[in-house]
Structures are given as structure tokens and as C-alpha cells.
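First the structure, in the form of C-alpha cells, and then the observations on it.
The values are calculated or read from the model by the stated rules, or taken from the named source; none is laboratory data. Source: prediction; values computed, not measured. Cβ atoms come from the backbone with ideal geometry, glycine included; neighbour counts cover every protein chain shown.
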Amino acid sequence: MSVNFQAVVIGAGPAGVCVIGELLDLGVRPIAWVDPLFEAGRLPRYVAVPSNTHTSLFGRYATSTATFRAIWEKQRQPGKQTSLEVLEDLQQDAGCPLHLAVDLLRDLTEGLKRYHQDEVSFIAGTVTYISQGVGDAGLWKVSVKN
Ligand SMILES: Cc1cc2nc3c(=O)[nH]c(=O)nc-3n(C[C@H](O)[C@H](O)[C@H](O)COP(=O)(O)OP(=O)(O)OC[C@H]3O[C@@H](n4cnc5c(N)ncnc54)[C@H](O)[C@@H]3O)c2cc1C
């Protein structure tokens, strides 16, 4: 099956999540987003260690796009903290348990799924081949194995 997209983002780690937010801010759509799991990339492997990143930087990352800020607004519930609010309550100029950064990424990924499913196609799989054709206005072809 062949489908056309304005952009294809490969990977749903911290980089991929951020690129999706930036592309949506720029009005790029439809977007294909490919990852085997959509589980925050490789960061969940290291949840037992403290972060070497200051907590404030995780917060800046999570609010760096208008798309992300809108997701947090929608996720706010009385009596229940979002993962962003949990981070904001911590000392900002020190590290934090890395699982809190994982929670942040998972919540953003869930928010993108919930609120942007019309613009972003979540494709569970692995990109196996990429090429740019000379015809078709130089369209990129991306092959995905499920
Ligand atoms: C012990 C330890 C502690 C760390 N602490 C910190 C910290 O405090 N702060 C910090 O910022 N960073 C920390 N890091 C680094 C952090 O894990 C990486 O910088 C970050 O995960 C990189 O994000 P990424 O999105 O580039 O890649 P990844 O997290 O590796 O995500 C890439 C994603 O792309 C997917 N993918 C790859 N190839 C394909 C393909 N062909 N098709 C489809 N999907 C594909 C992968 O499955 C994965 O989900 C730490 C790392 C270690 C080892």
C-alpha cells in the first residue's frame, strides 16, 4: 500500500516527539510517524539512574512548542497532577529521577495520539528503506516493516 504524507518522522524518542511538535506548529500535515513501540525511545531503559539534565530543561523541552503547551492545558484535571506539574514542583537546578522524564514523554505521546490523530498517522513498525525518486517531484519513498 502506498500513501503520501507531507513529512515522515522516524522514531518516537525525545527527538521524534519534539519534531512532531515543531511540524504541527508549522502547519505541516499530514505526517507519518513511525516507531516500533511509541514508548519514549531508549530513555525507559535507564529509569533506575538519576538524570544528568537539570529538571528545568525537561520542563522547557515539554513546553517548547505551542502544540505541547495545548496538550498540557487539555490534560490538566482538578486534584491530579500531570507529569509536567510533578516536575515543576521539584528543585529546578538539579537532576531528577529519569523515570519522570519518561513519564513526560509518554504523556506528550499520548496527547499527540489523542488530540492530533487527524493530522498524524501513528505507524507501528520499523523503517527499512528510504530513497528519493527523480520523478514524482523528487518524492521520498519510505518503506516500513510492521
Ligand atoms: C544511563 C543514561 C542516562 C541518560 N540520562 C539522560 C539525561 O539525564 N538527560 C538526557 O537528556 N538524556 C539522557 N540520556 C540520553 C538519552 O537516552 C538520549 O539522549 C535520548 O534517548 C536520545 O533521544 P533520541 O530520540 O535521539 O533517540 P532514542 O531515544 O534512541 O529514540 C529513537 C527511537 O527511534 C526508533 N527507531 C530507530 N530506528 C528506527 C527505524 N528504522 N524505524 C522506526 N523507528 C526507529 C527507536 O526504536 C526509538 O524508539 C541518558 C542515557 C543513558 C545511557
How many residues are assigned to a helix (DSSP H, G or I), of a type outside the set (F, W, Y) and surrounded by fewer than 19 Cβ atoms within 10 Å (Cβ to Cβ) when one looks only at region 112-121?
2
Restricting attention to region 48-96, and to residues there that are more than 19 Å from G11 (Cα to Cα) and among the β-branched types (V, I, T), which single residue is modelled with the lowest pLDDT?
V49
Selected residue (criterion: farthest from the ligand (Cβ to nearest atom)) from residues of region 17-37 that are surrounded by 20 or more Cβ atoms within 10 Å (Cβ to Cβ) and part of a helix (DSSP H, G or I):
L24
How about region 38-59: which of its residues are in contact (Cβ under 8 Å) with a residue 40 or more places away in the chain, in a loop (DSSP other than H, G, I, E, B) and near the ligand (Cβ under 6 Å from one of its atoms)?
G41, V49, S51, N52, T53
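For residues that are of a type in the set (G, A, S) and surrounded by 20 or more Cβ atoms within 10 Å (Cβ to Cβ), tally how many sit in region 79-110. Outline the logic, then answer.
Initial filter on region 79-110 (of a type in the set (G, A, S)): 79, 83, 94-95, 101.
Filter once more, so that each one left must be surrounded by 20 or more Cβ atoms within 10 Å (Cβ to Cβ): 83, 101.
The qualifying residues number 2.
Among T55, T65, which is among the hydroxyl-bearing types (S, T, Y) and under 13 Å from the mean Cα position of the chain (by Cα)?
Details: T55 fails: under 13 Å from the mean Cα position of the chain (by Cα).
Matching residue, one of T55, T65: T65.
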Can you confirm whether S64 is within 15 Å of the ligand (Cβ to nearest atom), of a type in the set (S, T, Y) and not in a loop (DSSP other than H, G, I, E, B)?
no
Odd one out for A101 among (1) of a type in the set (A, V, I, L, M); (2) outside any helix (DSSP H, G or I); (3) within 16 Å of the chain's Cα centre (by Cα):
(2)
Looking only at region 1-13, count how many residues are surrounded by fewer than 19 Cβ atoms within 10 Å (Cβ to Cβ) and within 19 Å of I71 (Cα to Cα).
1
